[in-house]
Amino acid sequence: MQISQIFRSSIGKKLLLAITGLSWAGFAVGHFIGNTTLLLKDPTPFNKYAHFLSGLGGALILVELILAASLLVHLFFAIKVTLENRKARPVKYAVSKSAGRESKKGFATSTMIYTGILLIIFLVLHITHFKFGAVYMTTVDGNQIRDLYKTVYEFYADPINTAYYVIMMILLGTHLSHGVWSAFQSLGLNGNRFTPFIYKVGFLVAVIVSVGFIAIPIYIHFTGGAV
Amino acid sequence: MEKLINLTLKIWRQKNAKSSGKMVEYHVKDVSTEMSFLEMLDVLNEDLSLKGDDPVEFDSDCREGICGTCGVVINGIAHGEQKATTVCQLHMRHFKDGETITIEPWRARAFPVIKDLVVDRKAFDRIMASGGYISIKTGSAAEANSILIPKEDSDLAMDMAACIGCGACVASCPNASASLFVGAKISQLSLLPQGKIEAKQRAENMVAQMDAEMFGACTNIQECEAVCPKEISISGIARMRREYFKAAVK
Amino acid sequence: MKLDSKIPDGPLTEKWDNHKEKIKLVNPKNKRKYTVLVVGTGLAGASAAASLAEMGYNVKSFCIQDSARRAHSIAAQGGINAAKNYPNDNDNIWRLFYDTIKGGDYRSREANVYRLAQVSNNIIDQATAQGVHFAREYGGNLANRSFGGAQVSRTFYARGQTGQQLLLGTYSSLMRQVKTGMVELFELREMLDLVVEDGKARGIIVRNLVTGEIERYAGHSVVLATGGYGTVFYLSTNAVNSNATAAWRTHKRGAGFANPCYTQIHPTCIPVSGDHQSKLTLMSESLRNDGRIWVSKKKGDKRAAKDIPEDERDYFLERKYPSFGNLVPRDVASRNAKEACDDGRGVGSTGLAVYLDFEEAIKTFGENVIRERYGNLFDMYEKITGENPYKVPMRIYPAVHYTMGGLWVDYNLMSTIPGLYVAGEANFSDHGANRLGASALMQGLADGYFVLPYTINDYLAGVDADELKTDTEQFKTVENEVVEKNKKLLSINGNKTIRTFHRELGHIMWENVGMARTEESLKKALVEIPKLREDFWQNVKVPGTGEELNKNLEMAGRVADLLELGELMARDALNRAESCGGHFRLESQTEEGEAKRDDENFSYAAVWEYKGEGKNPELHKEELVFENVKLTQRSYK
């Protein structure tokens, strides 16, 4: 078998979706941990963290490129697989239900493509809002660095922005609740002990990341929106 | 205890593969709760044929849940709501008087409808022909006990070998994927020393055939496992993927 | 019709080897020039088709199912016998042979049965190599269990799905040959007639069950592996599509039908729940190891089981057979259950069942032990009946399970029509008047893997590998007859459904040609069946057309044939004025109520020759010669 052939197969496409999806899930977790510094009253730790990241230079660009490529691959194959899967059942059922039991059929599994596409739009806006958003400067340890803390606090002062973020983070949680464990299954990693474990881990990641990402804007909105 | 119930049935009627079908409503009276679902359809067909109407064609053979011939989607669930049960083993005591039951054929591009509730599942056979075997000629087998297999592996392989090829996995999968069927066979054979020899070739060929038949890709929803009359686990799908990756990097 | 059994010379143990040495061979280059048609894809058919293809013959394989994997061999639960002697309990080929011939009540050929025992071990090797999942010990080697009262553990099993696993093994070999192109597989095709040219089997006429087209296929030899005729009883453990059409129509083309009256009835089936019943489900006989069988002592007792006090219960098997009790052989248990029901003491709403009670076993061993032993069966029972057998006694009733009779074949498995071979349950060869547990799978695979692929060479080596033509006069004539018959069925347009007739035939058969037969009942059947047949051809309603998928038309043709076969069964049973194995004539029993053979007058296979419509068939006899075993009378008191 040619290596390229694998990525034309149903299994290979899902392999790519798994790898790229996991890289983004990993990024989301890291991003969330970094962002917890936003909950501090003191803007310095967050601004230092942001400054540190942007100071990585080439390494940062490399990570960004990898993530961007992952995202494009994820998007491309997700759309491809979804369209192919729709073609696999040209006549729909008049009535369709889940048998329950082991089945994970539900809102999350049937909306992966929609939550995914909405999340990508969100991502573009997210970068526009912050990375390329309003620039304020502040002085930390005698150095002029960007006051991203202020940008964030200013942004969430607006209730519409906050509400929009909350909704998007619910979608992220939904996407991850199926995505994480599913990625491991797509990688062929399944075992009597491992699978229930990774299913719980996936669910937990989804809950922590989404609840955490929701908590930050809400906290900012209600406590520090006036900054 | 036996009770008699009345039911409304909404059944997919389709003259042949070329024509388009539609749902048709039927009322059946005095259905014994002791009947199996297919016996209920038998009785409906008796009535229809005496009235001069075309009976509803549906597949069935052994009527004891092992041949894999029968299968319809009942109220949106392949083989109906009961756990580990084929339609022929589903009994009417699980339905209520006055209930409306929707009955549809397996729906998948790879399983075209032949007539009414009967579909063509030859795609499964073509997948099996592409590698679902151990290449051994009659007469060339070694003494049976010269192949030792750990009981654990043998039991696990047997779990996978229990597949009856009914197609409920495809029917229930939102993607009409055949991964559970193919995964079960690839897993069963790759767990056995006899089957390991051809494992890579088998995984490659069977997956290629599965894709060529235009089944969907598995997105790990696990509905297949929930409806599988033999309760085959999606661990078989994961094992198929591992075998496939091994074949890819060899 | 001349019957030449072609049993090879020499001592019993050397016959098969001697014979194989003398079988003619076909040059590998020439094999490609021959085409063999194999009808049926059960254990016998699929194994034969795969083996012949591996040898280099062109094979065309046909089945009525939508996939070759669904043949009814798949439903066999218990296991498969072989004389491997793995448990070291001094089993050997001779013992397996002896048990089989004795179990068949000395109504089978010694040479055939010995060969069956000889090749049994190869079957286990072959199946294991294919990846068939026989149960294993912790050390990794194969496990055995004792089955059906055998004194040795020689049964290999795959949970309760031995038939399924073996069939999937043969199916995989078959599909491998489909891939190589040596086998061309025709699913959803029903063989409706045999074409005989110049006295030799030359082809078949089949109906494409999807399009309704009638198709012709020619071959240098035809193999029938189309199963038994249990559906003549309407309700049986057979699949609803199991039928005798291929065998019966072949019989009408000149193949002798042997011992049609030999049918086997299984005692532990789930009883009928009403007129709607379409089939019966068997539960493993092992249930009788711990369950106690009883009915009320009173007739028409409508009380629930728990309300019948101990002293008002009749444990009739324990009472009548104190030493074997509930473990008497299948036929004895079945007959006694039916007698109790006919006496008005049957249980349940239909009165056609007896209790199989686990209360005492549960008290003695605890529910957990019983669950471990029979959990699957109890679940299956509950699924079908909606009753919990841990709480209320199971209800069981006997059901037709297997037919030992079938098309007559010689030692080579060739029928009385040259070039026509018959394998598996469709032939009459190895089980005599009664089949032992775990022997059906063994015989099907023995025929298909290890007998027929050798013996068929002998025939093919003697015929020209001439070009096969299907546009001959004979093909046209036979096809025309098939078309006319279907047209006629569709044109009657009467007022009774096919199922009505089938159910009625089953009723006549069960009551008169069932597990206890008398001269009177058989004569009655011989009057009633032709009457029913006439009614059928006047009043049956076959909906739909012939040019589409029409299961009613398929069924109508099958029932029409069963209406003829049933009569032959009654005739054969009437002729055999003795009891043997599954054939029990009330006039011929020992004081203990056991089947009493009449070796002096009936030590033969009764082979019937079809003489044309409205004419009585002619009986031919193949005398059975026993040189190696002493004929004994069984006793279970």
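Looking across region C:13-61, the residues that are in a strand (DSSP E or B), of a type outside the set (S, T, N, Q) and in contact with a helix residue (DSSP H, G or I) (Cβ under 8 Å, 6 or more places away or on another chain) come down to C:Val36, C:Val38, C:Val39, C:Val59. In the condition set (1) surrounded by fewer than 16 Cβ atoms within 10 Å (Cβ to Cβ); (2) without any contact (Cβ under 8 Å) to a residue 40 or more places away in the chain, A:Tyr199 is compliant with all but (1). Taken as a whole, the structure places B:Ala208 among residues that are of a type in the set (A, V, I, L, M, F, W, C), within 23 Å of A:Pro90 (Cα to Cα), in the same structural domain as B:Cys166 (by TED's automatic domain parsing) and in a helix (DSSP H, G or I).
Taking region C:1-30 as the range and being free of Cβ contacts under 8 Å to residues at least 60 places away in the same chain and closer than 24 Å to C:Met55 by Cα as the test, the residues that pass are C:Asp17, C:Asn18, C:Glu21, C:Lys22, C:Asn27, C:Pro28, C:Lys29.
One residue is enough: does region C:408-428 have a residue meeting the conditions over 25 Å from the mean Cα position of the chain (by Cα) and among the β-branched types (Val, Ile, Thr)? No, that holds for no residue. Is region C:284-304 home to any residue that is of a type in the set (A, V, I, L, M), surrounded by fewer than 19 Cβ atoms within 10 Å (Cβ to Cβ) and within 14 Å of chain B (Cβ to nearest Cβ)? Yes, that holds for at least one residue. Every condition in (1) in contact with a Leu (Cβ under 6 Å, 6 or more places away or on another chain); (2) within 20 Å of C:Ala556 (Cα to Cα) holds for C:Val222 except the one numbered (2).
Set side by side, the residues C:Asn81, C:Asn92, C:Asn144 differ, and just one is surrounded by fewer than 19 Cβ atoms within 10 Å (Cβ to Cβ), over 30 Å from C:Glu600 (Cα atoms) and either out of contact with any Cys (no Cβ under 9 Å at 6 or more places or on another chain) or more than 9 Å from every other protein chain (Cβ to nearest Cβ) (or both), which is C:Asn92.
For A:Leu119, state whether it is touching a residue at least 24 places away in the same chain (Cβ under 8 Å), in a helix (DSSP H, G or I) and farther than 29 Å from B:Ala108 by Cα. Yes; evaluated as a whole, the condition is true for this residue. Residue pairs, Cβ under 6 Å, 6 or more apart or interchain, first in region B:212-241 and within 17 Å of B:Gly167 (Cα to Cα), second of a type in the set (Val, Ile, Thr) and assigned to a helix (DSSP H, G or I). List them. As it stands, the answer is B:Ala217/A:Val81; B:Cys218/B:Ile237; B:Ile221/A:Thr109, since those pairs meet every condition given.
The rows are residues; the columns are (1) under 18 Å from A:Asn192 (Cβ atoms); (2) more than 8 Å from chain A (Cβ to nearest Cβ); (3) in contact with a His (Cβ under 9 Å, 6 or more places away or on another chain).
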| residue | (1), (2), (3) |
| --- | --- |
| B:Asn175 | no, no, no |
| B:Arg202 | no, yes, no |
| B:Met206 | no, yes, no |
| B:Ala212 | no, yes, no |
| B:Phe215 | no, no, no |
| B:Ile232 | yes, yes, no |
| B:Gly236 | yes, yes, no |
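Applying the condition of being part of a loop (DSSP other than H, G, I, E, B) and more than 7 Å from every other protein chain (Cβ to nearest Cβ) to region B:159-173 and asking which residue is nearest to A:Ser98 (Cα to Cα) yields B:Cys173.
When B:Lys137, B:Lys83 are screened for being closer than 30 Å to C:Ala129 by Cβ and surrounded by fewer than 18 Cβ atoms within 10 Å (Cβ to Cβ), only B:Lys137 passes.
When B:Phe181, B:Phe245 are checked against the criterion of being part of a helix (DSSP H, G or I), more than 8 Å from every other protein chain (Cβ to nearest Cβ) and either within 13 Å of the chain's Cα centre (by Cα) or without any contact (Cβ under 8 Å) to a residue 24 or more places away in the chain (or both), B:Phe181 stands alone in meeting it.
Of the residues making up region C:469-490, one or more are of a type in the set (A, V, I, L, M, F, W, C), surrounded by fewer than 16 Cβ atoms within 10 Å (Cβ to Cβ) and touching a residue at least 12 places away in the same chain (Cβ under 8 Å).
When C:Asp307, C:Asp342 are checked against the criterion of being outside the structural domain of C:Met515 (by TED's automatic domain parsing), without any contact (Cβ under 8 Å) to a residue 24 or more places away in the chain and within 18 Å of C:Gly514 (Cβ to Cβ), a single residue qualifies: C:Asp342.
Filtering region C:27-44 for residues that are within 14 Å of chain B (Cβ to nearest Cβ), touching a Leu at 6+ places or on another chain (Cβ under 6 Å) and buried (at least 24 other Cβ atoms within 10 Å of the Cβ) leaves a non-empty set. Name the pairs: first residue in region B:65-76 and facing another protein chain (nearest Cβ under 7 Å), second residue buried (at least 24 other Cβ atoms within 10 Å of the Cβ) and part of a strand (DSSP E or B), Cβ to Cβ under 7 Å, at least 6 apart or on different chains? Within 7 Å, the pairs are B:Val73/B:Glu104. Scoring B:Glu104 on the criteria (1) within 26 Å of C:Thr211 (Cβ to Cβ); (2) in contact with a helix residue (DSSP H, G or I) (Cβ under 6 Å, 6 or more places away or on another chain) leaves a single failure, condition (2). Per this entry, C:Ile384 is not counted among residues that are hydrophobic (A, V, I, L, M, F, W, C), over 25 Å from C:Lys279 (Cβ atoms) and not in a strand (DSSP E or B). Suppose the filter is surrounded by fewer than 18 Cβ atoms within 10 Å (Cβ to Cβ), in contact (Cβ under 8 Å) with a residue 24 or more places away in the chain, among the charged types (D, E, K, R) and more than 27 Å from C:Lys496 (Cβ to Cβ); does C:Arg576 pass it? No; evaluated as a whole, the condition is false for this residue. Regarding C:Leu235, is this residue surrounded by fewer than 23 Cβ atoms within 10 Å (Cβ to Cβ) and under 20 Å from the mean Cα position of the chain (by Cα)? Yes, satisfied. Candidates in region A:1-50 are the residues that are at pLDDT below 90, facing chain B (nearest Cβ under 9 Å) and part of a helix (DSSP H, G or I); of these, the one that is surrounded by the most Cβ atoms within 10 Å (Cβ to Cβ) is A:Ile6.
Restricting attention to region B:13-33, does a residue exist that is over 25 Å from C:Asn241 (Cβ atoms), under 22 Å from the mean Cα position of the chain (by Cα), modelled with pLDDT of 95 or more and not assigned by TED's automatic domain parsing to the domain that holds B:Phe215? No: zero hits. Only residues that are of a type in the set (A, V, I, L, M, F, W, C), buried (at least 18 other Cβ atoms within 10 Å of the Cβ) and touching a residue at least 24 places away in the same chain (Cβ under 8 Å) were counted in region A:74-112, giving 5. The set of residues in region B:131-158 that are within 24 Å of the chain's Cα centre (by Cα) and either within 7 Å of chain C (Cβ to nearest Cβ) or under 23 Å from C:Gly212 (Cα atoms) (or both) comprises B:Gly132, B:Tyr133, B:Ile134, B:Ser154, B:Ala157, B:Met158. When region C:519-577 is examined, which residues are found to be of a type in the set (Ser, Thr, Tyr) and farther than 24 Å from B:Ser60 by Cα? Across region C:519-577, the qualifying residue is only C:Ser521.
The values are calculated or read from the model by the stated rules, or taken from the named source; none is laboratory data. Here the structure is a predicted model, which is why all the values come from computation and not from measurement. All Cβ positions, glycine included, derive from the backbone under ideal geometry; neighbour counts span all protein chains shown.
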